[in-house]
Amino acid sequence: MFEHLEDKIKRIPSNPGVYQYFDKNGTIIYVGKAKNLKKRVSSYFNKSQKDSAKTAILVRKIVDIKYLVVDSELDALLLENNLIKKYLPKYNIQLKDDKTYPWICIKNEPFPRVFTTRRVVKDGSKYFGPYASVKMMYTLLDLIKDVYPLRTCKLNLAADQIKKGNYKVCLEYHIGNCLGPCEEKQTKQDYQQYIDEISNILKGNIGAVIKELKELMNRFSAALNFEAALDVKNKIASLQNYYSKSAIVSPTIHNVDVISMVEDDKSAFVNYLKINNGAIIHGHTIEVKKKLDEKAEEIIPFVLLDMRDRYGDESREVVSSIPFKKAGLELKITQPQRGDKRALLELSQRNAKFFMLEKHKQDKVVNPERHTERIMETMQKDLRLKEWPTHIECFDNSNFHGTNAVAACVVFKNGKPSKKDYRHFNIKTVDGPDDFASMEEVVMRRYKRLLAEDQPLPQLVIIDGGKGQLSSAMKSIDELGLRGQITVIGIAKKLEEIYFPGDSIPVYIDKRSESLKIIQHLRNEAHRFGITHHRNKRSKNALGTELTTIPGIGEKTATDLIKHFKSVSRIKKANLKDLSESIGFSKGKIVFDHFNKT
């Protein structure tokens, strides 16, 4: 099948590099990196394609392979990242940002301006961000404005233009917001000092800026320039006030990245936190669309590299929820089990989880079909089903000391209750408290009727109970010839164990999985529906028994009395006139005489 590629694969070197797969149209459909190009590319064609259906589809579409050899694994990682961003190959994971987050720009120009923008222009300007919290960004801009008198005009302040004397200071200069570089009232060196300090603040190095300002304040004080010293002191106070309001983690944690991930079947949700001088200075969560069932250890470094590029990060330590290959990055990767770093990791994981749940809620409102599809796909995967379980039924038995035995069947369609299809059963062929025989009876009655009426069968049947109830249900399924047509599972309550017919070892579904939540919802709904019916039957039987034992009073008369008086105790207290108005004089007198015997 891959004969036309065999020679090319044999000629691929064993060096680090990046490989590209092309389809019949010459379009790049996949880009990958490798420490050993030959081994990595060969693995796609040597291994059984049963491992991953998605990978098998990719391989079938490859008609050409190209590669680029690089010096190191790190170079391969960087090149792969750039090529994926450039070509957006169909089968590569993609970082998905629904929003355009704002940045703070230090413009590449004489006497640089500092302003906010949502558009990044590659003109040599410095960009800091993006800021998921606009409030945080404007707090930073307000701090910079309070501490540093920068220009806000768009004048061309090149040296030759200033010398021509075409510019005049404006109102900003007169109210103290600008020091007038347009009339050479402020030197370029002095202004650049401000910009350097602002860059440090935006990088999160507020402590370093405060330290420099304190040294400057001391120099002014030593020179008896107390007015300038007071001005610097006020700047320090503003910076310290801002720093104290930052999300302080621990003053012992310096320059650390934190990254964690949660995932569903289609996407991974990765949270990134940048810590500097004990404070969280950046936080961002991003959705990653999985294309080939990529594992976490593949996704994490891909996102980390992108985040470090975005935020200009140079941290040497990464706290991660998942171990991953450093791919040549000079990093210390830790997975703390306790302490401040562990608390940071848990904070990151919470952010990733909240982001995922928010996306699911959004999908449910904006795209309910996609929400349903995701649930169906998850259940199909977790329960190893042949098709989506769009129609699910769940059975539960209920009795009281062996009396008034009933059963309930609840129906979910597309992951939601279909209450018009709920059914309850009075057990007819079983004497005493025999849950196994009762389950066998109701399953037989339910599906014998569906077959007789040519009604659609469910894809999944859930039996509330362990191996015993499941085996009993399967007796009826086998008798009706439905084994293989319907998937039947049992759920044991204590440990939420899922049992399959003929398998003594239970399956445990992730407690956070939507599959388990749907199964639990079905089980709880069946229990509620069954208990309600059971209580109604007990009440009816108890009331009916007490009234119908009166000679001359039948079930219809007893029902009329209950409807009118609501309870037997009220009937006992009623006078003859009230009873006669409800059921007639003759029957009323019978009931009155029965309850008022001396």
Hits in region 493-511 (condition: touching a Lys or Arg at 6+ places or on another chain (Cβ under 8 Å) and assigned to a strand (DSSP E or B)): 499
Selected residue (criterion: modelled with the lowest pLDDT) from residues of region 421-437 that are of a type in the set (Asp, Glu) and part of a helix (DSSP H, G or I): 435
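Of all residues in region 355-385, how many are assigned to a helix (DSSP H, G or I) and in contact (Cβ under 8 Å) with a residue 60 or more places away in the chain?
11
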Check on residue 396, in a strand (DSSP E or B), modelled with pLDDT under 90 and acidic (Asp, Glu): yes
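Which of the residues that make up region 108-122 are closer than 16 Å to residue 149 by Cα and either in a loop (DSSP other than H, G, I, E, B) or free of Cβ contacts under 8 Å to residues at least 60 places away in the same chain (or both)? Working first, answer last.
Going through region 108-122, the residues closer than 16 Å to residue 149 by Cα turn out to be 110-115.
Once the filter is applied, which keeps residues that are closer than 16 Å to residue 149 by Cα and either in a loop (DSSP other than H, G, I, E, B) or free of Cβ contacts under 8 Å to residues at least 60 places away in the same chain (or both), region 108-122 yields 110, 111, 112, 113, 115.
Restricting attention to region 162-211, which residues are of a type in the set (Gly, Ala, Ser) and surrounded by 11 or more Cβ atoms within 10 Å (Cβ to Cβ)?
Listed by number, the residues that qualify are 180, 199, 204, 207, 208.
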So residue 56, is it within 17 Å of residue 302 (Cβ to Cβ) and either of a type in the set (Gly, Ala, Ser) or touching an Asp or Glu at 6+ places or on another chain (Cβ under 8 Å) (or both): no
Segments classed as helices (runs of 4 or more DSSP H), wholly inside region 1-65, with at least 3 members that are modelled with pLDDT of 85 or more and in the same structural domain as residue 76 (by TED's automatic domain parsing): 37-46
Residues within region 438-488 that are in a helix (DSSP H, G or I), among the small types (Gly, Ala, Ser) and surrounded by fewer than 18 Cβ atoms within 10 Å (Cβ to Cβ), tallied: 2
Residue in region 420-435 that is of a type in the set (Lys, Arg) and under 32 Å from the mean Cα position of the chain (by Cα) present: no
Residues of region 509-527 satisfying the condition of being surrounded by fewer than 18 Cβ atoms within 10 Å (Cβ to Cβ), closer than 20 Å to residue 470 by Cα and either acidic (Asp, Glu) or over 21 Å from the mean Cα position of the chain (by Cα) (or both): 524
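The values are calculated or read from the model by the stated rules, or taken from the named source; none is laboratory data. This one's a predicted model, so the numbers in the text were calculated from it and none came from an experiment. Because the Cβ atoms are built from the backbone with ideal geometry, glycine has one as well, and the counts that use them run over all protein chains shown.
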